[in-house]
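Engineer: My structure is below; once you've seen it, I'll send some questions.
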Amino acid sequence: MNWRSIWAIAKKDLKEVRQNKAAWGPGIVVPLVFAIIMPMMFIILPQVIPVEDVQRELGDLDVMLRAMPPALQALFEGKSLEQMFVLYMAGFMLAPLFLIMPLMFSSVIGSDSFVGERERKTMEALLYAPTSDMELFLGKVLAAVIPAIGLSWITYVVYIIVVNVASYPLFGEIWFPLPTWYPLMLWMTPALAVLGISATVLISSRVRTFMEAYQMSASLVVLVLALVAGQISGVLFLGVGTTLVIGSIIWLVDAALIYLSVKKFKRSALVAKL
C-alpha cells in the first residue's frame, strides 16, 4: 500500500472541492446556523423575556423532563426556570442536529470526488495513474472523511464557546459540554462521516452527475431527523449509553457498506462511463 500516493489523491480531491461552491457552500452556512445563530437564540431569549412567559414555555418541558432517565433529570435539579430552558434546549434538543453535519459534509465531498470528476472530464487521467484500485479508493474516501470529521469537531468547539459565553450571565459558571456530548462527538460523528462516504460510493456507481449523487446520499439525513424527532417527542434521549449503542450499530453498517464499496469499486467500470 503506497500511502504517499493515497495522500496525493486525497490532497488533489480536497483542492478540487474548494473550487466547487456547491460542495463547500454547506460547510460554511450549516456550522454558522448550528454553532452560533441557534444557540444564541435559545440562550438569550429566556434572559430577556418575562419569567411568566418562560413558565408557559416550560409547560410541555415538564412532561419531557419526567420522561428522561433519572441521571439526566438530576442535571435539572436546583435550576431556575430560565436555566432549565437553556439547559434543555442547548444541552439536549440541539444535540441531534449536529449529527447532520458529518453525514452531509462527507456526502457532499464524496459526490464531488467520485461523480464530479466525471463531469469535469478529469477522471480519465486519474484512472490511468500508477496506483492500485484500493489506493485510489482510499485516497478519495480520506478526502471526504477527514474534512467532514474535522469541520464537525470545529463546529462543536465553536458551539461550546458560544454556549458558555452567552449563558455565563445566567449560570455564573462554565457548564457545557454535558457528558452526553462526548460520545456524540467522538463516537457517532466519525461513524456518520464514514456512513456518508460509503453510501456515496455505492450511489456514484449508478448516477452520472454530482447533483444526482448528492441528492440521493443526502436522503440519509432522514436517519438523523428521526433521532431529532425521538428526542423532541421524549421517545428517545441521546444519553451516553444510548449514543454508544446507536453509534456501534452505525459502525457495523459502515463496515458492511465499505466491504460492498471495495468490491464494487473498479476503475475499469469508471473508465467505461467516461
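The values are calculated or read from the model by the stated rules, or taken from the named source; none is laboratory data. None of the values given here were measured: they were computed from a predicted structure. Virtual Cβ from ideal backbone geometry, glycine too; neighbours counted across all protein chains shown.
Engineer: Quick one: in region 3-18, which of the residues that are basic (Lys, Arg) and at pLDDT 80 or above is nearest to the chain's Cα centre (by Cα)?
Structural biologist: Here is the first cut: in region 3-18, the residues basic (Lys, Arg) are 4, 11-12, 15, 18.
Those left that are additionally at pLDDT 80 or above: 4, 11.
On the way: 4: 28, 11: 22 Å.
If we take residues in region 3-18 being basic (Lys, Arg) and at pLDDT 80 or above, then 11 is nearest to the chain's Cα centre (by Cα).
Engineer: Just the residues that are touching a Lys or Arg at 6+ places or on another chain (Cβ under 8 Å) and under 20 Å from residue 239 (Cβ atoms), please, taken from region 74-115.
Structural biologist: The answer is 87, and nothing else.
Engineer: Taking only region 19-62 into account, find how many residues are modelled with pLDDT under 75 and more than 16 Å from the chain's Cα centre (by Cα). Explain how you work it out, then say what you get.
Structural biologist: Looking only at region 19-62, we keep the residues that are modelled with pLDDT under 75, and these are 19-27, 47, 49-62.
Next cut, more than 16 Å from the chain's Cα centre (by Cα) only: 19-22, 47, 49-62.
Total satisfying the criteria: 19.
Engineer: Would you please list the contacts, defined by Cβ atoms under 6 Å and residues six or more apart or on different chains, that run from a residue in region 189-200 that is more than 16 Å from residue 245 (Cβ to Cβ) to a residue that is β-branched (Val, Ile, Thr) and surrounded by 24 or more Cβ atoms within 10 Å (Cβ to Cβ)?
Structural biologist: If the second residue must be β-branched (Val, Ile, Thr) and surrounded by 24 or more Cβ atoms within 10 Å (Cβ to Cβ), the pairs left are 197/141.
Engineer: Quickly run through region 163-186 and pick out the residues that are in a helix (DSSP H, G or I), surrounded by fewer than 18 Cβ atoms within 10 Å (Cβ to Cβ) and under 19 Å from the mean Cα position of the chain (by Cα).
Structural biologist: Correct list: 182, 186.
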